[in-house]
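A short worksheet on the structure shown next.
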Amino acid sequence: MSDWTRQVDEAVDRLEVRLRDVGKELFEHPELKYEEVRASRRLAAELEAAGFDVELGVAGIETAIRAVHPAASDGPTVAILGEYDALPEIGHACGHNLIAAGALGAAVAVGSIKPGLPGTLVFFGTPAEEGGGGKVRMIEAGLFEGVDAAMMFHPSSYTTIGRGSLAITEVKIEFRGKPAHASGCPEKGINALDAVIQTFNGINALRQHIKDGARIHGIISHGGVKPNIVPEYAAAEFYVRAPENDYRDELLQKLRRCAEGAALATGARLEYGLVGHAYRAMKPNKVLGERFLKHLVAAGIPYNPPKDNSMGSTDMGDVSQVVPGIHPYVQICEEDVAGHSREFTTASGSERGYRAMLAAAKALARTAVDVLSEPGLAARIREEFEAT
Ligand SMILES: [Zn+2]
């Protein structure tokens, strides 16, 4: 074990009480996308106390953070990313409180020895992963320019590296028909709800003929007001996902034709819109990921990949398309616990969750030290990124 590795491990150990407290504070005060005022302030204060040059409110987002360690010199730039938004109604069911605490621990631990290391260390506090695309806006603002390695970890019911993510686009479909008494004069109405239902039926027929791994799933967000009024307005929202950005775009066209067909069949007028977030697929960096895994195992978390290759979507996908990046998963609960469930929320506030967070902090810190100090490593990471 190198001296630096030992030193960042010891730094995380020293920070343990504080990191647990950060994780707990966020857990007990879950904040939705772009409303993470308390979380971002706490993280900014901790980073400032650790000597970082902190900007809270970057990229035009009140709750986004860029914190650069002042001991910067020639060499690679390593970014450690922390998410901190929660989900509606079920709190930290994605464990972002642990991501924030672990990323903070890693950044502060590496910061404690940064004067002895070359390169630049930056912490990014990235809001609104859950459907808000904070990282996408931070990329657009140029914050990731010059970054040689961007790294974070994500809590999971498995421990794995190299898993991709699905490209995603959120679509809203609205139909406008004509109201009429549903019993007295139904022939005078145009049923917008029927158009929505026809759209779902079209998509369900399409489903048999789409590639494995792609996903189209939706809800009816508005279905009329009363059974005795022919629905004048109805709306649905869909997420369209695929392992490749191009195939996601192809599916969007197919979905649109399902909606257009439904409009034609029912006479309702279609309004089709891409709304909310669109994330690109993940390009996980192997060199960086394997290094993280080695350190994670050394920190006491065994490798335990899932049997299947099911994936979600994340704006870390976008980051991984512009700079080399990793988004490894670290197990915090039993394998049968689903993400975005109440059971996962419980795990995100559990002793096992906090222990996994501390191990992930060490693994991130050690990986950052490697990239900053090991000759040729940043170049190998870059080489793989360019080649894939
Ligand atoms: Zn998440």
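Close amide H contacts of GLY325 (hydrogens built in the peptide plane, cut-off under 5 Å, sequence separation of 5 or more or a different chain): ALA150, ASN285. Per residue, the accessible area of the chain comes to 42 Å² when a 1.4 Å probe rolls over the protein heavy atoms. Extension gain for the segment LYS24 to LEU206, taken as residue separation times 0.36 nm less the Cα-Cα distance, is 61.0 nm to one decimal. Between GLY125, GLY162, GLY134, the residue with the greatest mean-square fluctuation in the GNM of the chain (Cα pairs under 10 Å linked by springs) is GLY162.
Projected label points at ILE220 and GLU335, each 7 Å from Cα along the beta carbon direction, are separated by 3.9 nanometres.
Beta bridges assigned by DSSP with both partners in the chain are antiparallel in approximately 70 percent of cases.
With a 1.4 Å probe and all protein chains left in place, how much of the accessible area of region 155-215 comes from carbon and sulfur atoms, in whole percent? After summing per-atom areas, the C and S share lands at 48 percent.
The convex hull defined by the C-alpha atoms of the chain has an orientation-averaged projected area of 19.6 nm².
Computed in the context of the full set of protein chains, the accessible area of region 221-312 at 1.4 Å probe radius has 52% of its extent on carbon or sulfur. Projected over all directions and averaged, the alpha-carbon convex hull of region 12-92 occupies 6.3 nm².
Run the helix sum for the chain: -39,500 (n - 2.57) per DSSP H stretch of 4+ residues, divided by residue count, reported at 222 nm to the nearest 500 deg cm²/dmol.
Details: 11 runs with 163 residues, N = 388.
The helix-only estimate for the chain comes to -13500 deg cm²/dmol at 222 nm.
Using only the Cα atoms of region 349-388, what semi-axes does the equivalent ellipsoid have when each is the square root of 5 times a gyration tensor eigenvalue? Give whole Å, largest first.
Details: eigenvalues 173, 33, 3 Å².
In descending order the semi-axes read 29, 13, 4 Å.
Are there GluC sites (Glu not before Pro) in region 55-122 that DSSP marks as loop and that have at most 11 other Cβ atoms within 10 Å, and which are they?
Numbers: sites: GLU55, GLU62, GLU83, GLU89; in loops: GLU62, GLU83, GLU89.
Counting only loop positions with at most 11 other Cβ atoms within 10 Å, the GluC sites (Glu not before Pro) in region 55-122 are GLU89.
Centre-to-centre separation between the Cα atoms of region 300-329 and those of region 58-113: 17 Å.
If you take the square roots of the eigenvalues of the alpha-carbon gyration tensor of region 273-381 and sort them as a ≥ b ≥ c, do you get rounded (a/c under 1.5), prolate (a/b over b/c) or oblate? Oblate, because a/c is 1.5 or more while a/b does not exceed b/c. For the chain, a Gaussian network of Cα nodes joined below 10 Å ranks GLY164, GLY276, GLY317 by mean-square fluctuation, and the top entry is GLY276. Average 1/r across all pairs of distinct alpha carbons in region 85-144, invert it, and you get the Kirkwood radius: 13.3 Å. Among ASP370, ASP13, ASP74, whose mean-square fluctuation peaks in a Gaussian network model of the chain (Cα, cutoff 10 Å)? Highest fluctuation among the options: ASP74. Summarised as an ellipsoid, region 142-258 has semi-axes of 40, 16, 13 Å, derived from the eigenvalues of the Cα gyration tensor scaled by 5 and square-rooted, with the largest first.
Listed values for region 336-348 are Karplus-derived 3J(HN,Hα) couplings in whole Hz (6.51 cos²θ - 1.76 cosθ + 1.60, θ = phi - 60°), namely 7, 7, 7, x, 6, 10, 5, 5, 5, 4, 4, 4, 6, and x replaces Gly and Pro.
Please list ASP9, ASP53 from largest to smallest accessible area, probe radius 1.4 Å, with all protein chains kept in place. All intermediate terms of the calculation are to be shown ahead of the outcome.
Values: ASP9 20, ASP53 90 Å².
The residues order as ASP53, ASP9, largest area first.
The values are calculated or read from the model by the stated rules, or taken from the named source; none is laboratory data. Keep in mind that what you see is a predicted model, and the values were worked out from it rather than measured. Here Cβ is always computed from backbone atoms with ideal geometry, including for glycine, and neighbour counts include all displayed protein chains. Just the protein is used for accessible areas: all its heavy atoms, side chains included, with ligands, DNA and RNA removed. Shrake-Rupley method; radii C 1.70, N 1.55, O 1.52, S 1.80 Å.
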